Amino acid sequence: MPSSTSNFKRKLRLPRLFFASPSEIVPRDYERPIPQIPWRGITVVVVLIVIAVAWAWELYCRSIGYAPTLNDNEDLWTMARRNVKPESVVIVGDSRGWYDVDLDELEKGLGKRPVQLSMGGSCAYPVLADLANDKDFHGTIICSVVPRLFLAPPGAPPMDLSEKAVRRYHSQTPAQRVSQYLAMPLEEHVAFLKQEELTLDDLLKRLPIPNRSYAQVPPQLPPYFGTLDRERRARMIEECARPGSELQRRIQQIWLPLFTPPPPPTYIPIEEFIKSMDQAIEQRFHDVATAVQKFRARGGKIVFVRFPVAGELKTLEDRTTPRSQTWDRIMKETNSPGIYYEDFPELSSFNCPEWSHLSAGDSVEFSKRLVPHLRSALEM
Amino acid sequence: MLFNSLTFVVFFAVVVTLYWGTRSWTARKNLLVVASYIFYGAWNPPFAALLFSTTAMDFWLGRQIAKARGAHSRRVWLIASICMNLSMLGFFKYGNFLLENFQWLMAGIGIVYHPPHLDILLPVGISFYTFHSLSYTLDIYRGVLQPTKSLRDFILAVSFFPQLVAGPIVRAGDFLPQLVRPPGLRAGQFLWGLLLMTLGLFEKIVLADTMLSGSADRIFSYAGPLSALDSWLGVMAFAGQIFFDFAGYSICAIGAALCLGFHLKDNFRFPYAAIGFSDFWRRWHISLSTFLRDYLYIPLGGNQVRPLRAATNLVIVMFLGGLWHGAAWTFVVWGLLHGSYLVIERVIRVFFGDAVWANNRLTRLMAGIATYGAVCIAWVFFRASNFSIATRMLRGMFGGHPHGDAILSTREILQIGIVTACMILAHWSLRESNIETAVTRLPRWIVTTAWALMACSIILTQGNSNAFIYFQF
C-alpha cells in the first residue's frame, strides 16, 4: 500500500478528540429505518381527508363569490410576451390598461389583435425599456399611465413587479414553462387556486390583529375582483361592478392608503429624501424618453393613455400627482401622442365602480370609443 | 426542476411508474440517468453537458488513480482531478469574485486595473455535484473505494436527481454499492418516502416560504435602523427559514430516493437543539461537515497535531466551508465565525469539560440557548448581502438603535415566535432520537392527522415556486 494511503488510514484510526462520532468511511450496507405502522390504512384515510377538505374548501370559496380564473404571474406574462411579433400592437402599463381595454374591440379597430402585457400595480417603464431593446420589435405600443406607478422609484414594488416579469421572460426555464402549461387547466377549473387571494399567506394577512401603533406596516392589497383569460384579458367581476356592493366599498377603501404617498423614511433627512425622489423622477422621464426615442428610431409607434379614474381616488391622484407635473412632462419629454380621458367627453363619461377600473361591460364600450383616438394618435 | 412545482409532480409520477414497471435493472438504471438529466436540463439544458463532462473526466481519472503504480503518479492523477473539479467551480462560481478582489489588491498597491465583468451564469447545484464527483476520486486515492467499471453507474451516482442540485452530498462510495443489485421495497418504504416528501414540502412551502421568508426579507432589505425586537425577530425568522428550506429539500430528496428504493443518509439532526458548536456541526448539513472533515480537516492533521495547529486547521476548514457557500466575503466571515466558535468551545472544554456543574441540566440548557444565539449572530453575515447591512443588523440587535424603526406587523411577530418556539421545542424533544422512532411511537391518529394537515396546508399554500436557498450554492 502506498505510504501516503497507509498514513491516511493510520490517522483515521486514531481517536478523535473533537468530532465525537466519526462516520464510517464505506457504509455499503446502509439502510434507512422504516417505521412499522399500518401504512395502507393511514394512507387511505389521509387521501380521503385531503380530498374532503379540498372539496369543502372549493365549495366554500365558490359560495362566497370566487370563481375559477387564471393567476397573473410572471409565467403567464412570459407566455404573452412570447406572442409579441415584429409588428404587434402591445399594451403595457398598469391595471387600468389591463381592465379597461377589450382586445376584440381593439382588434376590430386597429386591424391586429393586441398583446396584453399590462400588469396590476406595475410600472410600465421596465417593459417599455425591454421592448425598446428588442431589435426585432417595431410595432405599436399603447402605454397606460397611472403617474404614481409610472414614476415609481427603482426598488419600489411597482418596479419590482415589472422587472421580475421581464427577467422571467429572458430566463424562463423549460420547467417553469411546463409548470405554467400544467397549472392553467387546473386554475381554470378550481376556484380556490388564487395565488394572490386564497393562499395561506393571504388568509393569515387578513386576520384582524392590531399592529403596534408606531409600526410601519405596508398597506393592504385589494381582494379578488377580476378574472383573467389566457390572453391576459382582465374583466371586473359582477359583484364588484354592482352599485353599492360590499366588495366595491372595501376595494375603494383599500385604494386610498395604497395610493397615498408613504411617510418619508426616518433615517434620511427629509430634504435629502425629497431631493433623491425628485432626482429619481427626473431620471425616469429621461429614461422613458431615451427608450421611446430608441424604439421610434426603428419605426415603432407609441401612444400614452390615461384611463378613467373616479371618486376620492381621482381627488387623491390629482392632488398627489398633478397632471402638469406628470402627464404633461411625459408628453413633453417623449414628444409622443397621448390620450387623456378627461380631454374627451366620450371617454370621460364612464363610471369606475371601485374608483380605479371600468366594469367588464364598460371596458368594451370604452375601447370602442378609444379606437378612433388611437388611430388618430398613431396616424393609422 | 423544483420539488415544489407541478412539473416535478408529473415528472416524479411518470418516473416512479416507469421505474417500478420495468423489470430489467439495467433498463431501470438507464431510465434514472435519463430522468436525472431531464431533471437537471429543465433548468438550463447546456449545463447538462457540463455536468456530463465533469462526471466523465472523474470517471476516467478515477481509473487512472487505481491503475497507477507508484504513490507519486497516484497523487498526480488525484491532483488532476482536484484541479479539474475546482477549476470548474472556480470559474463558474468564483470568477468574478476573484477578479474583483484582484482589482482591489492592485488598487492597494497603486495599480489601476479594471477587469472585465464576466457574464457567467452559475450552473445550478455546481457545488453539490462537484463534491459528489470529487468524492469518487478522493476515495479511490485513499484506497477505500474500487473504481466502478460502468460509466453509466457513475453518471447515476453523481446525477441521481433527488440529491443532484442541493444535496445531501452523497459520496460515490455510499451510492455505487446500491447500484449493484436491484433494490427491493420493504413494507411501507414507498409510503414512508411519500410521507417524507410531504414533510419536506411542508417545511419548505408552508414554514419557510409562507411563515418566515417574507419577514426575513423585509428586515434584511430595510435600509434604515431597526429596533432590537425587529432585528432579532428578522434574524430568528431567517434562522428558521434556512433550516426549513434546506432541511426540507434534504427530506424531500431522502423521501424521493426511498420511493425509488435508494437509501440516503440524514443531512440534518435537529440542529437547533445543539449544545455547543461541534454538536451543531454534527447536526447541521452533516454531509458537508463530514465531507470537509474527512477530505480536508483530517488530511491537514486533524486533532493529532499541536493544539494551536489543530485550531488553525479548524479555522481553515470553516473558512473554506464559508467560501463554499458563496463567492462573497460575508460567507467567509460566517465561516470564520463558526471556526472561532469551535476553537473557543474547544478551549472551554479543556478547562471546564470535566467539571460536574458543566454537565448538569441547567448548564446544558444554557449552553444550548447560547449556541442558538451565537448561530443566529453568524446567520446575519450569511444572509446580509454586504457588510453595511450586517453591521446595521448587529447594531440593531445589540441596542445600537434605541429609537430604531418597527416594521414587522403583529401577525408576522406571532408567526416568527410560534414557528421558532415550536421548532426549538421539537428539536429538543427529538435531539436524542430520530423521526422514524418518533413516528413509530406516536399514536396512529396523530400520524394520520399530521400527514393530512401537512398535505392540506401545501394545497392551501398553492406551492408558490420559490427556489430553494441552497440552489444558489
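Derivation of every value follows stated rules applied to the coordinates shown; laboratory data play no part. Worth saying up front: this structure is predicted, and the values here are computed from it rather than measured. Here the Cβ is made from the backbone with ideal geometry for all residues, glycine too, and neighbour counts use every protein chain on show.
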Item to check | Gained length - B:Ile348 relative to B:Arg69, 0.36 nm times residue gap less alpha-carbon distance | outcome: 95.8 nm
Checklist entry - Can you flag which of A:Lys275/A:Lys368; A:Lys164/A:Lys332; A:Lys205/B:Lys265; A:Lys205/A:Lys301 are past 31 Å Cα-Cα? => result A:Lys275/A:Lys368; A:Lys205/B:Lys265; A:Lys205/A:Lys301
Checklist entry - Separation of the range B:38-57 and the range A:81-149 by C-alpha centroid, Å? => result 37
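If you average 1/r across every pair of different Cα atoms in the range B:189-472 and take the reciprocal, what Kirkwood value do you get, in Å?
Numbers: mean 1/r = 0.0497 Å⁻¹.
One decimal place: 20.1 Å for the Kirkwood radius.
Given the -39500 (n - 2.57) contribution per DSSP H run of 4+ residues, what per-residue ellipticity at 222 nm results for chain A, rounded to the nearest 500 deg cm²/dmol? Before the final figure, lay out each step's value.
Numbers: 17 runs with 191 residues, N = 380.
The helix-only estimate for chain A comes to -15500 deg cm²/dmol at 222 nm.
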Checklist entry - Separation of the range B:370-386 and the range B:388-422 by C-alpha centroid, Å? => result 13
Checklist outcome for this item: Under 5 Å from the placed amide H of A:Tyr340, counting only residues 5+ away or on other chains, we find A:Arg306
Next on the checklist: Which residue fluctuates most in the GNM of chain A (Cα springs below 10 Å): A:Pro33, A:Pro322, A:Pro263?
Outcome noted: A:Pro33
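If you take every DSSP beta bridge fully contained in the protein assembly as shown, what fraction is antiparallel? Give it as a percent rounded to 5. If you can, show how the numbers build up before the last one.
Numbers: 3 of 18 bridges.
Looking only at bridges with both residues in the protein assembly as shown, the antiparallel portion is about 15 percent.
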Next on the checklist: As a footprinting exposure proxy, order B:Asp209, A:Asp134 by other Cβ within 10 Å, with the fewest listed first.
Outcome noted: A:Asp134, B:Asp209
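When you look at the Cβ of every residue in B:136-145, what mean number of other chain Cβ atoms sits within 10 Å? Walk me through the numbers before you get to the answer.
Values: counts 0, 0, 0, 2, 0, 4, 7, 7, 7, 3.
Average neighbour count from other chains, rounded to a whole number: 3.
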Item to check | Point-to-point label distance, B:Arg23-A:Asp104, nm (Cα→Cβ direction, 7 Å offset) | outcome: 5.8
Next on the checklist: To test your reading of the geometry: what angle, between 0 and 90 degrees and rounded to tens, separates the Cα axis of helix A:360-377 from the longest principal axis of chain A?
Outcome noted: 60
Checklist entry - Can you pull the three principal axis extents for the Cα set of chain A, in Å, largest first? => result 89, 55, 50
Checklist outcome for this item: Counting only DSSP beta bridges fully inside chain A, the antiparallel percentage to nearest 5 is 20
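R0 = 35 Å: FRET efficiency of A:Lys314 with A:Lys205, Cβ-based, nearest 0.05? Each step should come with its number before you reach the end.
Numbers: r = 28 Å, r/R0 = 0.79.
FRET efficiency, A:Lys314 to A:Lys205: 0.80.
In nm, what is the difference between 0.36 nm times the number of residues separating B:Asn360 and B:Asn386 and their Cα-Cα distance? Walk me through the intermediate numbers first.
On the way: separation 26, 0.36 × 26 = 9.36 nm, distance 4.03 nm.
Here the answer is 5.3 nm.
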Checklist entry - Taking neighbour Cβ counts within 10 Å as the exposure measure, how do A:Ser349, B:Ser250 sort from fewest upward? => result A:Ser349, B:Ser250
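Ranking B:Val439, B:Val347 by Cβ neighbours within 10 Å, fewest first, what do you get? Present the calculation step by step, with values, prior to reporting the outcome.
Working: B:Val439 21, B:Val347 11.
Ranked by crowding around the Cβ, least crowded first: B:Val347, B:Val439.
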Item to check | Alpha-carbon Rg/Rh ratio, for the protein assembly as shown, with Rh computed the Kirkwood way | outcome: 0.99
Checklist entry - Nearest 0.05, what FRET efficiency do A:Ser213 and B:Ile111 give at R0 = 56 Å with Cβ-Cβ as r? => result 0.50
Checklist entry - Hey, if you put +1 on the Cβ of every Lys and Arg and -1 on every Asp and Glu Cβ in chain B, which of B:Gly417, B:Ser278, B:Ile219 ends up farthest toward the positive end of that dipole? => result B:Ser278
Checklist entry - Helix A:157-171: angle to the longest alpha-carbon principal axis of chain A, degrees 0 to 90, nearest 10? => result 70
Item to check | A:Lys112 paired with A:Arg82, simple spin-label distance in nm, labels 7 Å along Cα-to-beta-carbon | outcome: 2.0
Checklist entry - Using the beta-carbon distance between B:Ser433 and B:Cys376 and R0 = 35 Å, what value does 1/(1 + (r/R0)^6) give for FRET efficiency, to the nearest 0.05? => result 0.90
Checklist entry - 222 nm [θ] for chain B, helices only, -39500 (n - 2.57) per DSSP H run of 4+, per residue, to 500? => result -22000 deg cm²/dmol
Item to check | Where labels lie 7 Å past Cα in the beta-carbon direction, separation of B:Leu425 and A:Glu346 in nm | outcome: 6.8
Checklist entry - Taking the Cα centre of each part, how many Å lie between the range A:301-380 and the range B:112-186? => result 59
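By how many nm would the segment from B:Ile418 to B:Ile120 grow when fully extended, if each residue of separation counts as 0.36 nm and the alpha-carbon distance is taken off? Don't skip to the end; give the middle numbers.
Numbers: separation 298, 0.36 × 298 = 107.28 nm, distance 4.10 nm.
Length difference between fully extended and current span is 103.2 nm.
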Item to check | Whole-number percent relative contact order across the range B:189-472, with pairs defined as alpha carbons under 8 Å at least 6 apart | outcome: 32
Next on the checklist: For A:Ile268, project a label point 7 Å along Cα to C-beta. Then give me every residue of the range B:231-249 with its amide nitrogen under 14 Å of that point.
Outcome noted: none
